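Here's the structure we're looking at; comments come further down.
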Amino acid sequence: MNFQFDLSTIKQIGAILGVEGKLYGNYYRFELKGSDTSRQLAIEIHPSIPIGNEEGSLVSVFTATSHLQMQHCSGIVVSEMLGEVTFVVEHAGKLSGLIIEKEGGCSMYTNVDRSILSGDFTKLGPEVMMSSIALSLTEMILPEEFDRPISSE
């Protein structure tokens, strides 16, 4: 994949989330605090680090009660209208997405079949409908090389 977390991408993420990413050595950290004090999280983006025998990007989310991690992030979709950034990786037709909201919310969907992103969502069971709706924004970047952030507006 050609996608890289460059300075422009980091600034774009910060603009959508309303907080500046601070550089700490080889990674950027964003600290979000929503209007509800229970909605606080930190995101750390390592643009390129060793992951096994390969180099790749790493996105980690830390909350008071959880730690989520996405290895080899291959693209992002930013939405000013929704106030969120979706980090995405696709492998063998399966998609994983990590959605960070400006107000400190976070959702993660993994191993979602790419084929359910388009079509009639009402034909899906309610248990899987939310993942297909939430990740449907990523569909516009999936056929292309992940070489730049793309806005949904």
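Each value in this text was obtained by applying a stated rule to the coordinates, not by laboratory testing. Every value quoted in this text rests on a predicted model; they were computed, and no experiment measured them. Positions of Cβ are generated from backbone atoms using ideal geometry, with glycine treated the same way; all protein chains shown enter the neighbour counts.
Data table
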| quantity | calculated |
| --- | --- |
| At R0 = 30 Å, FRET efficiency that the Cβ-Cβ distance of residue 91 and residue 42 yields, to 0.05 | 0.70 |
| Separation of alpha-carbon centers, segment 1-60 and segment 73-115, rounded to whole Å | 14 Å |
| Anisotropy class of segment 1-70 from Cα gyration tensor, a/c 1.5 cut | oblate |
| Derived scalar couplings ³J(HN,Hα) [segment 30-40; Karplus, 6.51 cos²θ - 1.76 cosθ + 1.60; whole Hz; x for Gly, Pro] | 10, 10, 10, 9, x, 5, 8, 4, 7, 9, 10 |
| FRET efficiency estimate (nearest 0.05) - Cβ-Cβ, residue 20 to residue 110, R0 30 angstrom | 0.55 |
